[in-house]
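To start, the structure under review is shown below, and the notes come after it.
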Amino acid sequence: MPVEVIVGFFIAATVGLTGMGGGSFTTPALILVAGLPAAESVGTAMIFAAVLRVLAAPFYIVKRQIHLKYLGLLLLGAIPGLLLGTWILHFMYVESWKSTALIIVGILLAISSAITFLPKLRNPDFARRRGRWLSLLALPIGIETGFSSAGAGALGTMLLLNFSEMQVAQVVGTDILFGIVLAFIGGAFHFLWGSINSAVLLKLLIGGVPGVLVGCALATKVPGRKLRTVIALIAIALGLQLVWTGAGKLLQDHDRATAGIIQPTKATAENRSWR
């Protein structure tokens, strides 16, 4: 069985269980396991995460656990940020910037996962009284999602839990639709740019479709808080691994460039001495 199918199943199961992990796990897995470039990994992860959330969304829509007003406010700020982050990543999708892009993606993944451990600063009336500020706070979430495919799950959930009066189930339902819209918009740009690996995406979905259904079925039987903690720790480790890998490649590129400068200099000196 292809490793992408197995990876897709376990990532989808964690998404079904907790609503987290779609971008935080898929992007580093595609870079480290499948060997895809950063931009191609982000584009593929976006479409994969969107499909997983589409499968999970009906459970919350039927129960009316969606807050349309807050969803609109989040999208108002996040969509411009998404376009900016996606453009920056596409701009860096050249050989000379690939190592740097890898480091930035790793840092963003680690930071977005670490936010899970921040103490809650509850202000339930914030969104109701200052909706425009909610949109502004969603702007950096959009930027990170566009650049790394992560953020919509962990950061969107944290934002709604701390600054709205919604219950947990309604927060998760609203955030799932939030993630769907961002993933499809960002994925559309990656599709137009050709930065989606269709073969890898198909293998992820073969494992992911049953995985997300299993996760949703087990959601009420698994302790969510402990599982989120484990997932966040793994995501931080994966992000740091991307930083390490990107830094190593950056040093290799620097050494090659330095060697390329030194060698011609030596050759020139030899030619001069021969003359």
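The values are calculated or read from the model by the stated rules, or taken from the named source; none is laboratory data. The model shown is predicted, which means the values in this text are computed figures rather than measured ones. All Cβ positions, glycine included, derive from the backbone under ideal geometry; neighbour counts span all protein chains shown. The protein model used for the area step is the full one, side chains on, heavy atoms only, and it has no ligands, DNA or RNA in it. Shrake-Rupley method; radii C 1.70, N 1.55, O 1.52, S 1.80 Å.
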Query raised in the report: Which order, highest average first, do 41-47, 190-196, 203-209, 160-166 follow once you tally other Cβ atoms within 10 Å for each residue and take the mean per peptide?
Result: 41-47, 203-209, 160-166, 190-196
**Report entry** Apportionment of accessible area to carbon and sulfur, the range 1-112, percent (1.4 Å)
**Finding:** 74
